[in-house]
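Heads up: the structure comes next, in structure tokens.
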Amino acid sequence: MKFPSALLAAFVFVLPSVTLAQATVSSVPSVDLARYSGKWFEIASFPMFFQRNCVADTTAEYAAVADGSLSVHNRCRTDGGFDDATGKATVVEGFGNSRLKVSFFWPFKSDYWVLGLDPEYRWAVVGNPNRKYLWVLSRTPQLPAKLMEAALASASAQGFDLTQLRTTTQKATTTATP
């Protein structure tokens with residue numbers, strides 16, 4: 001079968017962009033779970049159905065559990081008070097603790113990959129390999145512009161569409177301990 005030249009030209013020009021958009025998402029080489037544990041403030045995220053009632057002050061708190069997993073406590077302010085969700089994160093072997101499976105209700109588990117991480121654990125970018133989820137987290141309620149740029153660059157480099165990103169209002173004034 002012979003391809004019309006216009007179709008072939010379209011294919012040649014579209015193929016590189018499709019290939020780039022389909023590039024594999026990867027997690028950071030390793031995460032020190034002891035340093036990662038503690039409270040994180042959500043700075044921005046892709047809008048998620050389960051966060052539909054959140055209006056501000058979204059946080060995630062991680063703590064080591066004796067079996068090697070992490071407890072996960074998510075919290076956000078709603079118009080009527082606060083919503084809380086508690087779950088469990090288990091390490092996916094072979095990825096230096098940078099890939100987890102998180103479950104808030106059994107038997108459902110979701111990929112939780114640390115895609116970008118500040119060397120000093122001041123910020124983290126978390127998402128999943130299909131690019132449907134993305135969170136920018138910080139140890140403080142606000143992230144300085146230079147650090148935010150670095151966090152966003154780590155997501156952009158992996159093909160995440162940052163036009164979907166929504167800023168999270170943080171009214172909290174307390175900081176977390178790294």
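Which of the three applies to region 94-169, rounded, prolate or oblate, going by the alpha-carbon gyration tensor with a ≥ b ≥ c and a/c under 1.5 meaning rounded? Taking the square roots of the gyration eigenvalues as a ≥ b ≥ c, region 94-169 is prolate. With neighbours defined as other Cβ atoms within 10 Å of a residue's Cβ, the residues Asp32, Asp111 order from fewest to most as Asp32, Asp111.
The residues neighbouring Leu152, those whose beta-carbon lies less than 15 Å from its own, together hold a net charge of 0 under the Lys/Arg +1, Asp/Glu -1 convention.
Each Cα pair under 8 Å and six or more residues apart adds its sequence gap; the mean of these over the residue count of region 27-167 is a relative contact order of 25 percent. Rounded, prolate or oblate: which one fits region 27-167, using the alpha carbon gyration tensor with axes a ≥ b ≥ c (rounded when a/c is under 1.5, else prolate when a/b beats b/c, else oblate)? Rounded, because the longest to shortest axis ratio a/c is under 1.5. Residues Phe160, Phe46, Phe108, arranged from fewest to most other Cβ atoms within 10 angstrom of their Cβ, appear as Phe108, Phe46, Phe160. Extension gain, Val55-Phe105: 0.36 nm per intervening residue step, less the Cα-Cα distance, totals 15.7 nm. Dividing the convex hull volume of the alpha carbon atoms of region 83-129 by its residue count gives 101 Å³ per residue. For Ala85, neighbours were defined as the other residues whose beta-carbon sits under 12 Å from its Cβ, and their charges (Lys and Arg +1, Asp and Glu -1) total -1.
Summary of packing: across the peptides 101-107, 50-56, 133-139, the per-residue average of other C-beta atoms within 10 Å ranks them, highest first, as 133-139, 50-56, 101-107. Using a Cα-Cα cut-off of under 15 Å, which aspartates and glutamates could be cross-linked to Lys101, ignoring same-chain neighbours fewer than 8 residues away? Within reach: Asp67, Glu93, Asp111.
Throughout, read-outs are computed from the coordinates displayed, never taken from laboratory work. Fair warning: this is a prediction, and the values are worked out from it, not measured in the lab. Neighbour counts run over all protein chains shown; Cβ positions are idealised from the backbone, glycine included.
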